[in-house]
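A short worksheet on the structure shown next.
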Amino acid sequence: MEELAEVLRQERHHLEVLLYRLTMARLLLQAREVRFLRWTSQEIERARQRTREVDLLRAANVQLLGVRGLHGQAPTLRQLASLAGVPWAGILRDHHDAMAALVAEIEVAAHQAAEFARDGIREVADAQEAVDRASSKVRSGRRRGAAGKRPTSPAPTISTWRPLPFDDELLPDDGDLSLLTTESAYQDALAASGKLQIPSLLAFLR
């Protein structure tokens, strides 16, 4: 039981790290700090992977206890707490309450981050549509100019036009961050902000 309690402590820590990463992603998305989205997306995936790994270790420790739950299935943490003696019953219940709360917070943070990422993707699409319309007007104006009519003004370029409320550093004149790479960063953040996706852990905390 002592080994299981230690693994649960580690799993709580990794859940806290995952929540932290998702919270950072949500704040970056809300602030439109696109520069750092790829980093935070990678960090989320690493934190989620570590959580999966320690959950496999937790499942192995539970199996070694030889305890079965309802219908012969693996026992839940609540069931283990009800069967444990002092002081393990209280320790396991504390782990259950803390981990269940963390999972709920993770789901909320992931949902909010995903919504901000979708908003960013829509804004990029609107910006791209505006660029396409401006380019179309330029081409049309050039055709009219070739026919003897006055051409229209040139279309704004990505380097001078700010379609989104970015800081100047985010869309520098050298075009380091184009609309295409901006959309890609939002897509990465959306993919990383998925749900917890560890069914065995969710079943263990029922």
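A short reminder: the numbers here are calculations on the coordinates, not readings from a lab. Since the structure is predicted, the reported quantities are computational estimates derived from the model, not experimental observations. Neighbour counts are summed over all protein chains in view; Cβ atoms, including those assigned to glycine, are modelled from backbone coordinates with ideal geometry.
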Based on other C-beta atoms within 10 Å, arrange Ile106, Ile91 from fewest to most. Ile91, Ile106
Cβ-defined net charge surrounding Phe204, 10 Å radius [Lys, Arg +1; Asp, Glu -1]: +1
Fewest Cβ neighbours within 10 Å first, please rank Asp188, Asp97 accordingly. Asp97, Asp188
Kindly write out, for the range 18-28 in residue order, the coupling ³J(HN,Hα) from the Karplus curve 6.51 cos²θ - 1.76 cosθ + 1.60 (θ = phi - 60°), rounded to whole Hz, with x marking Gly and Pro. 4, 4, 4, 4, 5, 5, 4, 4, 4, 5, 5
With a 10 Å Cβ neighbour count serving as the proxy for reagent exposure, in which order, fewest first, do Thr40, Thr181 appear? Thr181, Thr40
Roughly speaking, what is the stretch gain from Glu3 to Arg35, that is 0.36 nm per residue apart minus the C-alpha to C-alpha distance, in nm to one decimal? 7.3 nm
For a paramagnetic label modelled at 7 Å from the Cα of Gln42 toward its Cβ, which residues of the range 1-27 fall within the zone defined by backbone nitrogen distances under 12 Å? none
Which whole-Hz ³J(HN,Hα) couplings does the range 79-90 yield from phi under the Karplus relation 6.51 cos²θ - 1.76 cosθ + 1.60, θ = phi - 60°, glycine and proline marked x? 5, 5, 5, 5, 8, 7, x, 6, x, 5, 4, x
Per 0.36 nm of contour for each residue apart, how much would the distance between Thr181 and Gln73 grow if the chain were fully extended, relative to their Cα-Cα spacing? 34.2 nm
